[in-house]
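The values are calculated or read from the model by the stated rules, or taken from the named source; none is laboratory data. What you see is a predicted model; the values in this text were computed from it and never measured. Here the Cβ positions follow ideal geometry from the backbone for every residue, glycine too, while neighbour counts run over all protein chains shown.
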Amino acid sequence: MATQEQKDQFIARIATGLKLGFLDKYRFQAFLGDPEALDRFADEFIATYERRSYPPVTIDFTEPTLPDWSKGRVLNGIIRRWKEIDLMSVMARAWFHPRQIGDEHEDNRPSGHEILTSLVASYKPDEDKNGNIYDVSETDLIHDHFGLAEAIYMRDHWRALPNPFKVWSKGKRLYGWRDVVRGDDDNLFVSCLDCEDDQPLMSWYDLKDLWKTCEPALRGQVGTQG
């Protein structure tokens, strides 16, 4: 779904980019009254004009150092690491748990444990205990998600990131579910890029917390898989 800002940019480009007489104002008004058409064409705008200016970034990731209080990652097996960060795709297709979306779930937001359950089939919150690790299958959704390395990269290169992405991220917390760790208190934590301020900070959040509508997961959709 295109944002209002993206729709406005698309409309402005049409209205100012065509020669006088080439734009049928009546058909254009009808087009603007069709929200599905507007979303479709505005999404196409994202995929062409904006992406032309901000191509995917190819990165040779190294595995990041975990915090001192961490007992290590709890997901076992090879989780595909994306070699490209396509931030324009993240903007359009960032992942939310179904109960993060819509006012009807306002009083029933998911915990981090529930989100992890939806990403890794072998994880069962009520069976979790110290020392447990969880095997990742080929079909698990966790493979589509970024982790700590990507969050650190974005923090360290924030000034160079595409401005539309920084505007979209403002006020959000972006989670890297690939690298869930167990803390020294035996609880599970996930890394987070906190974009409340002009320079985002890295944090770790307990999976006991509830996840709000302003807390999407970082999800990769296109690019060369590692």
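What to note about this one:
- So S118, is it free of Cβ contacts under 8 Å to residues at least 40 places away in the same chain, among the hydroxyl-bearing types (S, T, Y) and not in a loop (DSSP other than H, G, I, E, B): yes
- Selection of the range 113-134 for residues being of a type in the set (D, E, K, R), surrounded by 14 or more Cβ atoms within 10 Å (Cβ to Cβ) and out of contact with any strand residue (DSSP E or B) (no Cβ under 9 Å at 6 or more places or on another chain) yields only E114.
- Residues in the range 79-114 that are β-branched (V, I, T) and farther than 30 Å from A160 by Cβ: I101 only.
- Qualifying residue in the range 89-107 (condition: basic (K, R), modelled with pLDDT of 90 or more and surrounded by 17 or more Cβ atoms within 10 Å (Cβ to Cβ)): yes
- Pairs with Cβ under 7 Å, 6+ apart, first in the range 196-207 and assigned by TED's automatic domain parsing to the domain that holds W177, second among the basic types (K, R): P200/R155; M202/R155
- Residue check, G171 under 14 Å from the mean Cα position of the chain (by Cα), part of a loop (DSSP other than H, G, I, E, B), assigned by TED's automatic domain parsing to the domain that holds L66 and not charged (D, E, K, R): yes
- Subset tally (residues that are out of contact with any strand residue (DSSP E or B) (no Cβ under 6 Å at 6 or more places or on another chain) and assigned to a helix (DSSP H, G or I)) for the range 135-149: 4
- The lone exception for D179 - which of (1) surrounded by fewer than 22 Cβ atoms within 10 Å (Cβ to Cβ); (2) among the acidic types (D, E); (3) under 19 Å from P64 (Cβ atoms) it fails: (1)
- Some residue of the range 76-84 being farther than 18 Å from V180 by Cβ and either assigned to a strand (DSSP E or B) or in contact with a strand residue (DSSP E or B) (Cβ under 9 Å, 6 or more places away or on another chain) (or both): yes
- Filter result for L148 (buried (at least 23 other Cβ atoms within 10 Å of the Cβ) and within 12 Å of the chain's Cα centre (by Cα)): no
- Hey, S169 in contact with an Asp or Glu (Cβ under 8 Å, 6 or more places away or on another chain), surrounded by 13 or more Cβ atoms within 10 Å (Cβ to Cβ), under 17 Å from F146 (Cα atoms) and not charged (D, E, K, R) or not: no
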